[in-house]
1. Restricting attention to the alpha-carbon atoms of the chain, what are Rg (one decimal) and Dmax (integer), both in Å?
2. When averaged across all projection directions, what area in nm² does the alpha-carbon convex hull of segment 116-249 cover?
3. Rounded to a whole number, what % of the accessible area of the chain do carbon and sulfur atoms account for, probe 1.4 Å?
4. Given points 7 Å out from each Cα along the Cα-Cβ axis, report the Cys203 to Gln181 separation in nanometres with one decimal.
5. How many nm is it between the label spots at Arg51 and Lys92, if each spot is 7 Å from the Cα in line with the beta carbon?
6. Which three extents, in angstrom, do the Cα atoms of segment 1-129 have along their principal axes, listed largest first?
7. Go through 82-89, 52-59, 27-34 and give me the packing order, highest mean Cβ count within 10 Å leading.
8. With r as the distance between the Cβ atoms of Ala222 and Lys151 and R0 = 41 Å, compute the FRET efficiency 1/(1 + (r/R0)^6) and round to 0.05.
Amino acid sequence: MKPSDFEILSRFIKQRSGIVITPDKTYLLESRLLPVVRKWNLGTLEGLAQRMAMRPDPGLMDDITEVMTTNETLFFRDQKPFDALKSDVLPKLTNNGKNPRTIRIWSAASSSGQEPYSIAMLLLEEGAKYAGCRFEIVGTDLSKDILEKAKSGLYSQFEVQRGLPVTHLVKYFTKNGDRWQLKDNIRQMVTFKPFNLLDDPSCLGRFDIIFCRNVLIYFDAATKSAILQRLNSVLQPDGFLCLGGSESVLGLSTQFKTSDGLRNIYVKNTTPPAVVVAASR
């Protein structure tokens, strides 16, 4: 791929999704975009770049965005955040069920739905503790195709084997041919909506818990900071933000601080950062 073609395509992807593709990842760009080239009969990646340099078809832009969006996920991915949700976050928000309220949970970049559905299963397992509380789970993703898969609640044998306890498979799924179908009571707990993390999230309302895991790693520092600011704007004053295992707010935002030493769990920082005054000479 010529450097000029790489520049056109990588710039569009960053503008559309915030994902940064560096020159050393040219192979990734090529492997994912070649099916789009074939679908649109553009011949080569150079032909695709030329089309994007002109006035591209909205459908073509959507196809590029779809294939470049990373959709890797699994049920109860990295068990620690779910353990923290059960043992620390939910009890603090609900005062162990003594303070009935509506708890709104946002699974940002929810992909094919395993994360929000995992949260839903956890809530049902813990249901007796929070009988007086109402829960709303919202899953969002940039990819419309992957949201349709999430809404279906239909997963392959391979997908349900990744992270899902056998007891949960028996309890919350039914066999559907060679795949597994989530039961209606779980699917009805999650609302899926298309959303781009580069946009203002106020349209989604305010949340008590935000899961935004393994997403920031794909953005540059400026985009990460902007996203964290947006998340802060819709997080309730006593809310919690959960990031991925390799993600941190360090050096990106002073609006959050760690929650009682919980790894990758953050709360709002109500203490303004110290102002450094240069010494006069």
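The values are calculated or read from the model by the stated rules, or taken from the named source; none is laboratory data. Bear in mind the structure is a predicted one, so any value in this text is a computation, not a measurement. Because the Cβ atoms are built from the backbone with ideal geometry, glycine has one as well, and the counts that use them run over all protein chains shown. Note: areas computed on protein heavy atoms with side chains; ligands, DNA, RNA excluded. Shrake-Rupley method; radii C 1.70, N 1.55, O 1.52, S 1.80 Å.
1. Over the chain's Cα set, Rg and Dmax evaluate to 20.9, 79 Å.
2. 9.4 nm²
3. It is 53 percent, rounded to a whole number.
4. 3.2 nm
5. 4.9 nm
6. The Cα atoms of segment 1-129 stretch 62, 28, 21 Å along the principal axes, largest first.
7. Peptide ranking by packing, descending: 82-89, 27-34, 52-59.
8. After rounding to 0.05, the efficiency reads 0.80.
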